[in-house]
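Trainee: My structure is below; once you've seen it, I'll send some questions.
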4 protein chains.
Amino acid sequence: MVLKRAKDTELAMLGLGRKNFIIRLKAGTKFQTHLGILLHDDLINQPWGSQVASHLGKIFTLMQPTLHDILLHTPRESQIIFPKDIGTILLRLSIKPGSQVIEAGTGSGALTTALAWSVGENGHVYSYDKRADMQALASNNLTRVGLENRISFRLQDISLGMEEIDIDAIFLDLASPERYLPHVRKSLSNAGTFGSILPTTNQVSSLLRGLEANGFTNIDVCETFIRYYKVIPDRLRPVDRMVGHTGYLVFARPLIDD
Amino acid sequence: MVLKRAKDTELAMLGLGRKNFIIRLKAGTKFQTHLGILLHDDLINQPWGSQVASHLGKIFTLMQPTLHDILLHTPRESQIIFPKDIGTILLRLSIKPGSQVIEAGTGSGALTTALAWSVGENGHVYSYDKRADMQALASNNLTRVGLENRISFRLQDISLGMEEIDIDAIFLDLASPERYLPHVRKSLSNAGTFGSILPTTNQVSSLLRGLEANGFTNIDVCETFIRYYKVIPDRLRPVDRMVGHTGYLVFARPLIDD
Amino acid sequence: MVLKRAKDTELAMLGLGRKNFIIRLKAGTKFQTHLGILLHDDLINQPWGSQVASHLGKIFTLMQPTLHDILLHTPRESQIIFPKDIGTILLRLSIKPGSQVIEAGTGSGALTTALAWSVGENGHVYSYDKRADMQALASNNLTRVGLENRISFRLQDISLGMEEIDIDAIFLDLASPERYLPHVRKSLSNAGTFGSILPTTNQVSSLLRGLEANGFTNIDVCETFIRYYKVIPDRLRPVDRMVGHTGYLVFARPLIDD
Amino acid sequence: MVLKRAKDTELAMLGLGRKNFIIRLKAGTKFQTHLGILLHDDLINQPWGSQVASHLGKIFTLMQPTLHDILLHTPRESQIIFPKDIGTILLRLSIKPGSQVIEAGTGSGALTTALAWSVGENGHVYSYDKRADMQALASNNLTRVGLENRISFRLQDISLGMEEIDIDAIFLDLASPERYLPHVRKSLSNAGTFGSILPTTNQVSSLLRGLEANGFTNIDVCETFIRYYKVIPDRLRPVDRMVGHTGYLVFARPLIDD
C-alpha cells in the first residue's frame, strides 16, 4: 500500500492524548502550543498516521481530520450546533450529494460546514444571517476547510424572505422560526424537508403551532444525547460529565393543497 | 414554483398520523393495508405533499422518503444499526461524496444504505458478509432504494481478509472485531477511519485491547440516545418509552510506524 | 445465625428469574399462576431466601419484598409514580420518621405507600382524592402492606382546602397544581417542603409562575432516569428499552413575609 | 398557624439564588462569605422562610435544610455517593425506621447520613472504614447534622469480617466487593438486602460472578440519571451540563440452602 502523505496547504490534525489541534499546513510556518513547537516543514510529506515530536519532546500524531473533528473544533463566537445533533439533522433533512440547502442563521458555521461537506461538488448551501461579523467568521471557517465554493452567504434577515426557490432542505437556527414559515413555504420544494433547533420548550410549542398553521405534516420533535467513555479496557466507564442539553430538534414536511 | 410530482418507479412514502409506509411506485399496482387500498395510478403524477384518500376514506400524505425514513423502514431479518447511531458513524468515519468504504457484516443493509447514499455516484461501498441470505436481503433493500450501483457485495468471511486496499473507512458490525484488525490494517488507508458497534461492555474492552495491540490511536467510545416528544404544542412532553441501548460505538485511526 | 422465617399473614415475594409475585401469606390458601401452584402452607415457616417448587416443578425463591418491590407491584388503575421518582421525592421532601405529610391526589397509592413507610409509626400521611374508587384501591393497597394505620384518606377535592395545618411536606400529583398553592400555603409549615410531578412542559411553566406568585423560593425542576442492565457478567449490557418519561419533578420552599 | 423559628444550635440553610450554605446556628458567631456577613444572633428566632440581609445588602432566605440539601453539601475528601443514587439505594435496600444497616467504606459519610436519617431513633447504622481520617470526617459530618447517636463507626478492614449479625441491609462502596461476600453472608439476615456501587463495567462483571458464586439471587444492575432545568417559566429548558456517570448500582438478595 502506498502511504498517503500530508501535503502543503492541506488540512491536518495533530493529536496528543485526548487533545487535538487542527491546522492548515503551510510551508515555512510553525505550530506552537504550550506542548512545544512543530515546523510545518517537518509535517509536510509525512505519512498520515505518523508520529512527530515537538521541540519539547511531546509526541503528536499527524492525522487527516474527520468531519467530526472539524465540527468539534470549529472556531466560534456563538454556540455552535453540536455533532450529536448534526448527525441527526443530516439524516432527517435527507442531505445527499447534489442537494440544494438553505440555512439561517449562519452562526459560526458548524452546520454550514457539515451541509457543504455532504452536498458535494454538485450541491449548494445558501446561508443567511443578518450579522456581518458572524458571516465573516463562518466564511473564514468554510475557507479553512476548503468548502467555500459550495456556499453562498446571504447577509440578509430572512424576515424579508429568501431569494431561492425549489430548495431541497431548509434549516432554521433562529429564536422564533415560526415567524418565517410563510417564507419557508415559498422557498422549499414541495418534496423538501424542514428542520429547526430550539433551546426552550416554549419555543418548541410556538413552532409546533406555526407548523400546523402553515401546512406542515410529518412533524417530529426529539433530543439527542451522546455519552463518552474512558477508553481503558480494564476500567471501562463513562466520563463523569456529559452535555445535558443543546436544543430540541424539530422536523417537518410541507403539505400541498390541491 | 413548479410542483415536483411522484413519478412511476420512484420511491414514495405514504404517511397517516405517526404511521408511514414506504413503497416503490409502479403503474397498475395497488397499495393495501388495513387502512384501505390506494391505486398507484392515483398516486403517480400527484405532487409530493398532496393528500390522497384510501377506499376506506383514510387520508394519506404522499411524501418523498428521507434517508431517515428509509433507514427506519429497512426490511430486516436481523437487528439493524439505528439512525441515532448512523448519524454519528457517518460523521466519525468522515464519509463524503467519493469515499471508498468497507463494512462487515452486511446484515439487513441499513448502514449499507446510509453509506451508499452518502458516498454518492463517485464513491463505493464494499459490504462483506458470510451469510448469503443476509446479503440477498440487503441487496434487495439497496435495489429498492436505487443505490445498488454503489455497492459491491462480497459473500466472504473477513477472517480471510478483504480484497480492497487503500480504503477510506472500514466499519465492523461483528461479534469479535478485534480478530480482524490485522486485516483492517491491510485494507485501510493510513489516512482512513475505523469504526465498530458492539452490544456488550466486555466486547468493548476486548476491542480496546486489540486496537492498542494493532497500532491504532485517537480511540473513542460512546453511546448515543434519542428521545422523542409528542408533538402537541399545549401538552409538550417526551414519549413514555425510549430505546435504552443499541450498542457502544468505537472509533479509531491507524498509526504508521516509520 | 437464627434464620428468619415467613409467618402467616406476612407479606411475601416469590421470585423466578426476572419475574416476581407479591402475596399476603394466609394459611390454607394457594398461589396459582401459569408457572404452577404453591400452597401457602408450604411457604409459611420457611426461611426467607429458601427455594420452593410449584407443582409444575418451577423453582421460586421466597423473599421478603423490599419497598422497591412493593412499589413496582402496586396494583393500579392509574399511572403510578415510579420508584425512580419516589427516591428523589423522599429526599427532596426530607421525609423522615415522624414526618406529617399531605399528598393529593391519592391515585393508586404508590407514593402513599412510600410516604407511609418512611414516616414510621410516629408520622402520618393525609391523602386527598376526589375519586372514591381510587381511594378504595389505595386503601386496599396500604392495608395489603400493613401501613393503613399511618394514613388518613380524605375523599375531598383540595380546591376546597385541606384540613391540616403545620404540615412538614405537601406533594401534589394533580393536573393544575398552581391552582391549589394558596391552600398549600395555609397547610404547609413555614419550615416545610413542597413538591409536584407533572407530565408536560406547559404544566411546569404554569406551576413555576404560580410558585413565584405565591411566595415560594428554592425552586427546582428535574427529571430522573433509570437504566437497567442484563446481569450476565460476560455479556454485560443495558436492556434494550427504558422508560423515557414519567414526569417533571418540581420542588419549592415557602417564603415568609414578615 | 404558629411560625416555626430557627433555634440556637439548629442546622440552618441560607439560600441566595442557586447558591445555598448550610450552617449550625450558634449564638455569638457569624456567617461570612464574599456575599457579606450575617450574625447568627440575627438569624436565631427568625421564622424559617424569612429573608435576611447581609452587611453587603445581599438577601438570603433562611431555610431548614432538607435531607437532599444536607447530602449535596456534605463536606468531603472523597467522591461521595450522590443523592440521585441514594434515593434508589434506600428503596432497594428497603431502609425503614428501625432498620439495622452496615455500610463499608464510610467515605465522607453522605450515604451514612441518609441511612442514619432513614432508620430513625430505633434503627442503627454500622459504618466500616480502614481509614481513620475518613471516619473522623464522616463522624464530624454526622455530628454536624445531629445523627451521631444512630451510628457506630468501625475503624476496621472488612476483609477481617464484620462484628454484627442478622443485619437488615449491607451496602459496600469498595473497589472489589466480591472479595467480602462470604463476610456479607455471615452478617446479613437471610431476609436482608445487599447493595453496592461501582464505577467500572469490569467491576460490575466481577461482582456479578461473585454474587452467583456466593448464593445470591434477585440480582439487578442499574444506573440513575438526573437532569435539572432552568426554572424560568417562559424559557424552560434543561441546564447545559449534567452528571454523566457516578457508578453502577448492584442489588441482590441472599439465597438459603436448606
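The values are calculated or read from the model by the stated rules, or taken from the named source; none is laboratory data. Small disclaimer: the values here were computed from a predicted structure and weren't measured. In this analysis, Cβ positions are derived from the backbone assuming ideal geometry, glycine residues included, and neighbour counts consider all displayed protein chains.
Trainee: What number of residues within region B:85-115 satisfy the criterion of being farther than 23 Å from B:L181 by Cβ and either surrounded by fewer than 24 Cβ atoms within 10 Å (Cβ to Cβ) or touching a Pro at 6+ places or on another chain (Cβ under 6 Å) (or both)?
Mentor: 4
Trainee: Could you pull out the residue among D:I22, D:I44, D:I95, D:I59 that is more than 27 Å from C:I95 (Cβ to Cβ), touching a residue at least 12 places away in the same chain (Cβ under 8 Å) and hydrophobic (A, V, I, L, M, F, W, C)?
Mentor: D:I59
Trainee: Say we look at region B:106-130 and pick out the residues that are hydroxyl-bearing (S, T, Y) and assigned to a loop (DSSP other than H, G, I, E, B); which of these is farthest from B:I80 (Cα to Cα)?
Mentor: My answer is B:T106.
Trainee: I would also like to ask the following. Which one of A:R235, A:R227 is under 19 Å from A:I89 (Cα atoms), among the basic types (K, R) and modelled with pLDDT of 95 or more?
Mentor: Just a single option satisfies the conditions, and that option is A:R227.
Trainee: Of everything in region A:83-105 that's in a strand (DSSP E or B) and not aliphatic (A, V, I, L, M), which residue is nearest to the other protein chains (Cβ to nearest Cβ)?
Mentor: It comes out as A:Q100.
Trainee: Answer yes or no as to whether D:D41 is part of a helix (DSSP H, G or I), modelled with pLDDT of 95 or more and within 26 Å of the chain's Cα centre (by Cα).
Mentor: no
Trainee: Every residue in region C:190-217 that is touching a Leu at 6+ places or on another chain (Cβ under 9 Å), without any contact (Cβ under 8 Å) to a residue 40 or more places away in the chain and away from chain A (no Cβ under 14 Å), please.
Mentor: Scanning region C:190-217 gives C:A191, C:G210, C:A213, C:N214, C:F216, C:T217.
Trainee: Right, another one. Are any residues in region A:234-244 more than 19 Å from D:F82 (Cβ to Cβ) and either more than 8 Å from chain D (Cβ to nearest Cβ) or out of contact with any Ser or Thr (no Cβ under 6 Å at 6 or more places or on another chain) (or both), and if so, which ones?
Mentor: Across region A:234-244, the qualifying residue is only A:D234.
Trainee: Within region D:48-72, can you find the residues that are on the phi < 0 side of the Ramachandran plot and surrounded by fewer than 16 Cβ atoms within 10 Å (Cβ to Cβ)?
Mentor: D:A53, D:H55, D:L56, D:I59
Trainee: Would you point out the residue of region A:223-233, among those that are out of contact with any Pro (no Cβ under 9 Å at 6 or more places or on another chain) and facing chain B (nearest Cβ under 7 Å), that is farthest from B:N202 (Cα to Cα)?
Mentor: Applying the filter and picking the extreme gives A:T224.
Trainee: Separate question: Does any residue of region C:13-30 turn out to be modelled with pLDDT of 95 or more, in contact with a Phe, Trp or Tyr (Cβ under 8 Å, 6 or more places away or on another chain), of a type in the set (S, T, Y) and not assigned by TED's automatic domain parsing to the domain that holds C:T143?
Mentor: No, the conditions are met nowhere in region C:13-30.
Trainee: Tell me the residue from C:L67, C:L11, C:L62 that is among the hydrophobic types (A, V, I, L, M, F, W, C) and farther than 23 Å from D:V184 by Cβ, please.
Mentor: Result of the check over C:L67, C:L11, C:L62: C:L11.
Trainee: Okay, next question. Scan D:S152, D:S196 and give me the residue that is in a strand (DSSP E or B) and within 24 Å of C:Q64 (Cα to Cα).
Mentor: It is D:S196.
Trainee: Being of a type in the set (D, E) and either surrounded by 19 or more Cβ atoms within 10 Å (Cβ to Cβ) or under 25 Å from the mean Cα position of the chain (by Cα) (or both) is the filter here, so list the residues in region B:201-258 that pass it.
Mentor: B:D220, B:E223
Trainee: Take the residues of region C:142-157 that are polar (S, T, N, Q) and more than 23 Å from C:Y180 (Cβ to Cβ): which is surrounded by the fewest Cβ atoms within 10 Å (Cβ to Cβ)?
Mentor: Restricting to residues being polar (S, T, N, Q) and more than 23 Å from C:Y180 (Cβ to Cβ), the top hit is C:N149.
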